[in-house]
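Novice: Take this structure, written in structure tokens, and hold onto it; I'll ask about it next.
The values are calculated or read from the model by the stated rules, or taken from the named source; none is laboratory data. Note that this is a predicted model, so its numbers are computed, not measured. Methodologically, a virtual Cβ is constructed for each residue, glycine included, from the backbone with ideal geometry; neighbour enumeration extends over all protein chains shown.
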Amino acid sequence: MHDTHDHPPRTAPSPPPTAAQVTHCAETLAALEQGIGGVLIGQQRVIRESVVALAAAGHVLLEGVPGVGKTLLVRALAVALGGRFSRIQFTPDLMPSDVTGHAVFDSKSETFRIRRGPIFCNLLLGDEINRAPPKTQAALLEAMQEQQVTIEGASLALTPPFSVFATQNPIEHEGTYPLPRAQLDRFLLKIIVDHPNADDELAMVRQVTHERVGDLLDVSAVVQILNTTDLIALQQVCARLQVADSVLAYAVRLVRAAREWPGIETGPGPRTGIALIRAARAHALVGGRDFVTPDDIKAMAAAVLRHRLTLSADLEMEGLEPDDLMDELLRTVPAPRP
């Protein structure tokens, strides 16, 4: 007699999503993009990449100078998604317990009880994350990777869906700390938020100043598109999109090439290939396709890779950015033919 405890039965793989499921998800994601685009003018790429991250159940690092709409983007996403939203303003004196929560003594019952912190939510906005010291930044690590928080030795599960959208100012700004590499690797994407072009900036100023008192972030025009149950179902559809072996191999070739590329001092780790496939799947779903193409890999490569590699000091002195090397990498590494 065989011992089933030693050899657990293999579960059958989930079937690929139906055409109707893919179409429904693509329409939902398009409505999400359109709703956010109504308040965040001129940031179509940023909105698209943020929606991709949500579909892939990933975390996002948003980098840009103050005033380009990073916080507005996340607040608009929170309204469109429903669920529970929390915001943490990271500061130099922020403690880990301010993020996760802590145990408090209840004098009536003479026992300790857990007071849960703001991390217990569905969408967490970590504002200016690189203004807090590494010890506090590390408080997010377990939550982002394991979907749980440990307080006084007790492990508390976070309710899915759970995504962290953290904003940071460029590292050269005064009063910032570099994020640890272990934490950077937990972010599926690093999205660069640039200044809008002249026409979009004019439209933004016109919209924000029209009959508006003060400068509060106004997301009243955003309507809820889906709820947390809908988002979990959409993420499950995304995870079942087909990826051909040739496309998988292409993603791995890109990551390995980046690791050995001249001028890259610290290359991306093995988790990068996994992140690239997850993001490419979500990009395909946004496009209404049930399979991933090499173009999906190319479209998401910069956002997946840019925070997972470090340039040499010589290249940094020349003013080069990781994206400059990514362009060359994508031109050089051969993609599979359809």
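Novice: Among the listed residues Asp296, Asp230, identify the single one that is assigned to a helix (DSSP H, G or I), surrounded by 21 or more Cβ atoms within 10 Å (Cβ to Cβ) and either out of contact with any Pro (no Cβ under 8 Å at 6 or more places or on another chain) or not polar (S, T, N, Q) (or both). Break it down stepwise before answering.
Specialist: On the way: Asp230 fails: surrounded by 21 or more Cβ atoms within 10 Å (Cβ to Cβ).
Only one candidate qualifies: Asp296.
Novice: From the set of residues in region 303-327 that are assigned to a helix (DSSP H, G or I) and at pLDDT 90 or above, which is surrounded by the fewest Cβ atoms within 10 Å (Cβ to Cβ)?
Specialist: Leu305
Novice: Further question on the same structure: In the list Ala55, Ala103, which residue meets the criterion of being over 30 Å from Ala239 (Cα atoms) and either in contact (Cβ under 8 Å) with a residue 12 or more places away in the chain or surrounded by 15 or more Cβ atoms within 10 Å (Cβ to Cβ) (or both)?
Specialist: Within the list Ala55, Ala103, the selection yields Ala103.
Novice: Residues being surrounded by 16 or more Cβ atoms within 10 Å (Cβ to Cβ) and in contact with a Lys or Arg (Cβ under 8 Å, 6 or more places away or on another chain): count how many of those fall in region 88-99.
Specialist: The total comes to 2.
Novice: What pairs come up if the first residue lies in region 219-240 and is aliphatic (A, V, I, L, M), the second is surrounded by fewer than 16 Cβ atoms within 10 Å (Cβ to Cβ) and in a helix (DSSP H, G or I), and their beta carbons are under 7 Å apart, counting only those six or more places apart or on different chains?
Specialist: Taking only residues 6 or more apart or on different chains, the pairs are Ile225/Ala31.
Novice: Residue pairs, Cβ under 9 Å, 6 or more apart or interchain, first in region 324-337 and assigned by TED's automatic domain parsing to the domain that holds Ile264, second among the hydroxyl-bearing types (Ser, Thr, Tyr) and outside any loop (DSSP other than H, G, I, E, B). List them.
Specialist: Going by the 9 Å Cβ cut-off, the qualifying pairs are Val333/Tyr250; Pro334/Tyr250; Ala335/Tyr250; Pro336/Ser246; Pro336/Tyr250; Arg337/Ser246.
Novice: Considering region 98-132 alone, what residues qualify as being small (Gly, Ala, Ser) and in contact with a Phe, Trp or Tyr (Cβ under 9 Å, 6 or more places away or on another chain)?
Specialist: Gly101, Ala103, Gly126, Ala132
Novice: Could you tell me which residue of region 90-114 is nearest to the chain's Cα centre (by Cα), considering only residues that are outside any loop (DSSP other than H, G, I, E, B) and over 23 Å from Glu146 (Cα atoms)?
Specialist: Val104
Novice: Looking only at region 165-221, which residues are polar (S, T, N, Q), in a helix (DSSP H, G or I) and either surrounded by fewer than 16 Cβ atoms within 10 Å (Cβ to Cβ) or modelled with pLDDT under 80 (or both)? Spell out the reasoning first.
Specialist: Keep residues of region 165-221 that are polar (S, T, N, Q), which gives 167-169, 176, 183, 197, 207, 209, 220.
Filter once more, keeping what is in a helix (DSSP H, G or I): 183, 207, 209.
Those that are polar (S, T, N, Q), in a helix (DSSP H, G or I) and either surrounded by fewer than 16 Cβ atoms within 10 Å (Cβ to Cβ) or modelled with pLDDT under 80 (or both): Gln207, Thr209.
Novice: Go through region 1-52 and report how many residues are among the polar types (S, T, N, Q), buried (at least 22 other Cβ atoms within 10 Å of the Cβ) and modelled with pLDDT of 95 or more.
Specialist: 1
Novice: Among the residues of region 56-100, which ones are aliphatic (A, V, I, L, M) and within 19 Å of Leu158 (Cα to Cα)?
Specialist: The answer is Ala56, Ala57, Val60, Ala78, Leu81, Ile88, Val99.
Novice: For region 274-293, state whether one or more residues are more than 16 Å from Val52 (Cα to Cα), of a type outside the set (Asp, Glu) and part of a helix (DSSP H, G or I).
Specialist: No; the residues of region 274-293 include none that is more than 16 Å from Val52 (Cα to Cα), of a type outside the set (Asp, Glu) and part of a helix (DSSP H, G or I).
Novice: In this structure, does Ala76 turn out to be touching a residue at least 24 places away in the same chain (Cβ under 8 Å) and either of a type in the set (Phe, Trp, Tyr) or part of a helix (DSSP H, G or I) (or both)?
Specialist: yes
Novice: Given the structure, is Leu141 touching a residue at least 12 places away in the same chain (Cβ under 8 Å) and assigned to a strand (DSSP E or B)?
Specialist: Answer is no for this residue.
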